[in-house]
Amino acid sequence: MNIHRIIRIILIAMITWLILSWVMGCTKEIVQPAGATDCVNSLGNVACDFAMLDQNGGATSLYEHHGKVIVLDFSAMWCGPCQMAALDVDKIVEKYGEENVVYITVLVENSSGGNPSLRDLEKWSEALGVHNNPVLAGSREWLNNSDYYLEAWPTFYFITPTMVIKEYQRGYNPTNVERAISELLPSEDSGSAGP
């Protein structure tokens, strides 16, 4: 095989790769909310982005859901109230609409207190009926470095469509969760997010 033929094959392969990359796209573009460069995971601030393994084996990013009310639920597999909250996830989102709300569960510990695996995420999702919302594999190490504050299982953070952390709740009370969501949804009169 001569050098010209090798160069032709390499050029054709490179051009084919470039065209396919351009047509099909390699990555999903995620819109960065205003204030994302100065994010802080505390009340009144823009939440920082993160990406974690989800129950489908892919990665889910917080900023993928920019434009929706986000319920961010930190749970542990061994926690009874966390399991009770999980039973309501898809019903809550269905009530307010998938186009308006996403409920993200971050499992921080598996049943034995270790880091959750993909199998743990799948078990949680199947056993508790979380089929349409992300269940993510967190860890104590990630949590300790994230600035999210937990003093009970589960702990909820409610994030506005503009990615501002608006409310914190410890423990599970379905009435309080739904109140927080409804306060963050755009009002029908003004078209803007609630207080």
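Only one entry in Val106, Val89 is surrounded by 22 or more Cβ atoms within 10 Å (Cβ to Cβ), outside any helix (DSSP H, G or I) and in contact (Cβ under 8 Å) with a residue 40 or more places away in the chain, namely Val106. If you go through the range 144-191 and keep only what is hydroxyl-bearing (Ser, Thr, Tyr) and either more than 14 Å from Leu43 (Cα to Cα) or outside any strand (DSSP E or B) (or both), you end up with Ser146, Tyr148, Tyr149, Thr160, Thr162, Tyr172, Thr175, Ser182, Ser187, Ser190.
I'm trying to understand the selection: among the residues of the range 10-51, which are among the aliphatic types (A, V, I, L, M), in contact with a strand residue (DSSP E or B) (Cβ under 8 Å, 6 or more places away or on another chain) and either at pLDDT 90 or above or not in a helix (DSSP H, G or I) (or both)?
Pass one, the range 10-51, residues among the aliphatic types (A, V, I, L, M): 10-15, 18-20, 23-24, 30-31, 34, 36, 40, 43, 46-47, 51.
Still in the list and also in contact with a strand residue (DSSP E or B) (Cβ under 8 Å, 6 or more places away or on another chain): 30, 34, 36, 40, 43, 46-47, 51.
Those that are among the aliphatic types (A, V, I, L, M), in contact with a strand residue (DSSP E or B) (Cβ under 8 Å, 6 or more places away or on another chain) and either at pLDDT 90 or above or not in a helix (DSSP H, G or I) (or both): Ile30, Ala34, Val40, Leu43, Val46, Ala47, Ala51.
Just one of the listed residues (Gly113, Gly129, Gly171) is over 17 Å from Ala85 (Cβ atoms), out of contact with any Gly (no Cβ under 9 Å at 6 or more places or on another chain) and in contact (Cβ under 8 Å) with a residue 12 or more places away in the chain, namely Gly113. For the range 136-155, the set of residues classified as of a type in the set (Asp, Glu) and out of contact with any strand residue (DSSP E or B) (no Cβ under 9 Å at 6 or more places or on another chain) consists of Glu141, Asp147, listed by residue number. In contact with a Gly (Cβ under 8 Å, 6 or more places away or on another chain), modelled with pLDDT under 95 and among the small types (Gly, Ala, Ser): is that true of Ser187 in this structure? Considered against the rule, which asks whether it is in contact with a Gly (Cβ under 8 Å, 6 or more places away or on another chain), modelled with pLDDT under 95 and among the small types (Gly, Ala, Ser), Ser187 comes out as yes.
Only one of Glu94, Glu122, Glu141 is of a type outside the set (Val, Ile, Thr), surrounded by 13 or more Cβ atoms within 10 Å (Cβ to Cβ) and in a helix (DSSP H, G or I); which? Quick ask: steps written out before the conclusion?
Numbers: Glu94 fails: surrounded by 13 or more Cβ atoms within 10 Å (Cβ to Cβ); Glu141 fails: surrounded by 13 or more Cβ atoms within 10 Å (Cβ to Cβ).
After applying the criteria, what remains is Glu122.
The values are calculated or read from the model by the stated rules, or taken from the named source; none is laboratory data. The model shown is predicted, which means the values in this text are computed figures rather than measured ones. Reconstructed Cβ throughout: ideal geometry from the backbone, glycine too, with neighbour counts over all protein chains shown.
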